[in-house]
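The values are calculated or read from the model by the stated rules, or taken from the named source; none is laboratory data. As the structure is a prediction and not an experimental result, all values here were calculated from the model. Cβ placement follows ideal geometry from the backbone for every residue including glycine, while neighbour counts extend to all protein chains displayed. Please note that ligands, DNA and RNA were not included when accessible areas were found on the heavy atoms of the full protein model with its side chains. Shrake-Rupley method; radii C 1.70, N 1.55, O 1.52, S 1.80 Å.
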Amino acid sequence: MLRLFDTAARDLVEFVPRVEGSVSMYVCGPTPYDHPHVGHGRTVVVFDVVRRYLAWRGYRVTFVSNVTDVEDRIIARAAERGLTEPQLARAFEAEHWEQMDRLGVARPDETPHATEFVPQMLALIGELIAQGRAYVIEGSGVYFQVDTLASYGKLSGRTLEQLLDSAGARIDIDDEKRSPVDFALWKAAKPGEPAWDSPWGRGRPGWHIECSAMSLEILGEGFDIHGGGDDLVFPHHENEIAQAEGAGHVFAHYWLHSGMVMVAGEKMSKSLGNFTTLRAALNAHGPRAFRWLVIRNHYRRQMEINDGALRAAAKEIDGFDALARRARVAGIAAVAPSDLDAFRAVMDDDFDTPAAVAVIHGWRREANAAIDAAQLDVAAARLADVQAALGALGVVVDDVGAPADAPADGGDAAVDTAVAARNAARARKDFAEADRLRDELKAQGVELEDTPQGTIWRRT
RNA sequence: GGCGGCGUAGCCGAGUGGUUCAGGCAAGGGCCUGCAAAGCCCCGUACACGGGUUCGAUUCCCGUCGCCGCCUCCA
């Protein structure tokens, strides 16, 4: 039985999909107005792991993740840079996919762009007006009237009264809105802004409407899982629910939220300016170290991502590579995994990847010990378990090190020659010469290992 | 002010009412090796603080302190 922590229920609940054997999930994707940072990287990896695990567990997964390519921040940033909104959005979206590819994040089955779903949004807004849950302010836009929906606040655990209490202090009160907590579904166009025709005048969508419209359009009524970063619970996801259910639709059944990335104890955010770009982090320590660090932490907890943590994660990955390497050298053949129950049990418990890490490390040690003891059949079985579990988490193990992390620059033949020369020196007990050659190679980024089956090398 | 989360050995980080326990990284000892590297073995009685419940609490309850998130754009 797979259990997950549903934000709306505020508890662990059994996962029962809408259609047996299938999972439909929607995860809020980027608003591409700036470089992706490591916080985005974490969220995307978290849901990639969820997706992969569900698929590994036998579900047919339909994974949708949007791009909100029309939004206030894009308009503002494009104006600053003297670019058109599409130019800016496309450039940052391209960077987003580039980094996700490096991380081994599987592309979504569908990637709806807000600008391509304006008709669906207009239809949803029309339904809300027809239901009496939205109103028009001439020259300003269309607003959702929060007090028409008794259940408003159910996801984030707030009441209308609580929201109104804090609204006075926190929200700029727009005199025209019927209530400060009402939010925009459609914003009237200002000169020079991107705009579409609508029954309520030219304008553009409000921030939340695109996700309601696109998720329902693509995945249909009552789709299974909606995910995103923790900071989207309110107002974004709360408002998505209001828009969908206010118009009479059945929205997502389960809500998954991933914890924030912290920097020295503070949330990483663009407004604080304390962010590390994803590109820089991946360049410094490699994408596998990043993914592993994310996996080492439970997805709902806040976590720190920094150089020290990434370095430690990289070392663990090295250990898996080393196992694959010595398995190859020992001539171990691939076999089917045999004992994945422990892995499945912890993963079924709200995707407890840190516990899964412990399980995998146990197998790694057993595999190594079996190689030491020349019990190759045992080693092969444990190795298969390690690789199967890592594969379910999207972690690639490479027995020659990580070419994606450290691009080979050729020169293999020269290395082989040097290795042969060193072994010749060793054979005649000229260890000074042997060590000199080894040091020379090390200076070139090549490390040697002498094994019972001969010397192997890898680039560091 | 409202809602929520967290405080676990040097660091990171799971978990549980009770004989042995996460796991990783770092440090130390040993085996292996010409020396290394890789690997294996050994080694740390930690659970913020104060009460309470209990035969017994790190784990349950209450309180205190500290940190963090959301309530505003935010992954």
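Summary table below
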| item | result |
| --- | --- |
| Subset of the range A:386-417 (residues that are acidic (Asp, Glu) and either open to solvent by 50 Å² or more (accessible area, probe 1.4 Å) or modelled with pLDDT of 95 or more (or both)) | A:Asp405, A:Asp409, A:Asp412, A:Asp416 |
| Considering residues of the range A:325-347 that are of a type in the set (A, V, I, L, M, F, W, C) and part of a loop (DSSP other than H, G, I, E, B) only, the residue surrounded by the most Cβ atoms within 10 Å (Cβ to Cβ) | A:Ile332 |
| Search result, residues across the range A:265-285 that are in a strand (DSSP E or B) and surrounded by fewer than 15 Cβ atoms within 10 Å (Cβ to Cβ) | A:Glu266 |
| Evaluation of A:Phe234 against (1) farther than 22 Å from A:Val136 by Cβ; (2) among the hydrophobic types (A, V, I, L, M, F, W, C); (3) over 20 Å from the mean Cα position of the chain (by Cα); (4) assigned to a helix (DSSP H, G or I) (one fails), failing number | (3) |
| Only listed residue being at pLDDT 95 or above and within 16 Å of RNA strand B (Cβ to nearest atom), chosen from A:Asp101, A:Asp69 | A:Asp69 |
| Selection from the range A:286-319 of residues that are assigned to a helix (DSSP H, G or I) and in contact with a Ser or Thr (Cβ under 6 Å, 6 or more places away or on another chain) | A:Ile295 |
| Near pairs, Cβ below 6 angstrom, 6+ apart or cross-chain, from the range A:431-448 (within 11 Å of A:Arg459 (Cα to Cα) and at pLDDT 90 or above) to any residue that is more than 11 Å from RNA strand B (Cβ to nearest atom) and aliphatic (A, V, I, L, M) | A:Leu441/A:Ala418 |
| Within the range A:106-144, considering residues that are among the polar types (S, T, N, Q) and within 33 Å of the chain's Cα centre (by Cα), the one farthest from A:Lys187 (Cα to Cα) | A:Thr111 |
| Cβ pairs under 9 Å, 6+ apart, first in the range A:75-86 and small (Gly, Ala, Ser), second open to solvent by 70 Å² or more (accessible area, probe 1.4 Å) | A:Ala78/A:Gln87; A:Ala79/A:Gly192 |
| Selection from the range A:176-213 of residues that are open to solvent by less than 40 Å² (accessible area, probe 1.4 Å), touching a Ser or Thr at 6+ places or on another chain (Cβ under 9 Å), part of a loop (DSSP other than H, G, I, E, B) and within 23 Å of A:Gln162 (Cα to Cα) | A:Lys177 |
| Verdict on A:Ile75 being among the β-branched types (Val, Ile, Thr) and farther than 22 Å from A:Gly29 by Cα | no |
| Selection within the range A:427-455 - under 41 Å from the mean Cα position of the chain (by Cα), open to solvent by less than 80 Å² (accessible area, probe 1.4 Å) and near RNA strand B (Cβ under 9 Å from one of its atoms) | A:Glu447, A:Leu448, A:Glu449, A:Asp450, A:Thr451, A:Thr455 |
| Check on A:Ile225, open to solvent by less than 10 Å² (accessible area, probe 1.4 Å), in contact (Cβ under 8 Å) with a residue 40 or more places away in the chain and farther than 30 Å from A:Arg301 by Cβ | no |
| Qualifying residue in the range A:71-79 (condition: in a loop (DSSP other than H, G, I, E, B) and under 23 Å from A:Arg279 (Cβ atoms)) | yes |
| Pairs, first buried (at least 17 other Cβ atoms within 10 Å of the Cβ) in the range A:150-166, second assigned to a loop (DSSP other than H, G, I, E, B), C-beta under 6 Å, six or more apart | A:Gly153/A:Thr159; A:Leu155/A:Ala8; A:Leu163/A:Val181 |
| Top-ranked residue in the range A:36-66 [being within 15 Å of RNA strand B (Cβ to nearest atom) and among the hydroxyl-bearing types (Ser, Thr, Tyr); ranked as nearest to A:Leu256 (Cα to Cα)] | A:Thr43 |
| Failed item in (1) closer than 30 Å to A:Val19 by Cα; (2) surrounded by fewer than 20 Cβ atoms within 10 Å (Cβ to Cβ), with A:Gly82 passing the rest | (1) |
| Any chance A:Pro30 is open to solvent by 10 Å² or more (accessible area, probe 1.4 Å), near RNA strand B (Cβ under 8 Å from one of its atoms), in contact (Cβ under 8 Å) with a residue 60 or more places away in the chain and over 9 Å from the mean Cα position of the chain (by Cα) | yes |
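Okay, residues lined up against (1) near RNA strand B (Cβ under 8 Å from one of its atoms); (2) among the β-branched types (Val, Ile, Thr):
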{"position": "A:Ala284", "(1), (2)": "no, no"}
{"position": "A:Gln302", "(1), (2)": "yes, no"}
{"position": "A:Ala309", "(1), (2)": "yes, no"}
{"position": "A:Val329", "(1), (2)": "no, yes"}
{"position": "A:Val346", "(1), (2)": "yes, yes"}
{"position": "A:Asn368", "(1), (2)": "yes, no"}
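Matching residues to (1) modelled with pLDDT of 95 or more; (2) of a type in the set (A, V, I, L, M, F, W, C):
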| residue | (1), (2) |
| --- | --- |
| A:Met1 | no, yes |
| A:Phe5 | no, yes |
| A:Ala9 | no, yes |
| A:Val13 | no, yes |
| A:Arg18 | yes, no |
| A:Tyr26 | yes, no |
| A:Gly29 | yes, no |
| A:Gly41 | yes, no |
| A:Val45 | yes, yes |
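Matching residues to (1) out of contact with any His (no Cβ under 7 Å at 6 or more places or on another chain); (2) surrounded by fewer than 18 Cβ atoms within 10 Å (Cβ to Cβ); (3) assigned to a helix (DSSP H, G or I):
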site	(1), (2), (3)
A:Gln87	yes, yes, yes
A:Arg107	yes, yes, no
A:Leu128	yes, no, yes
A:Val136	yes, yes, no
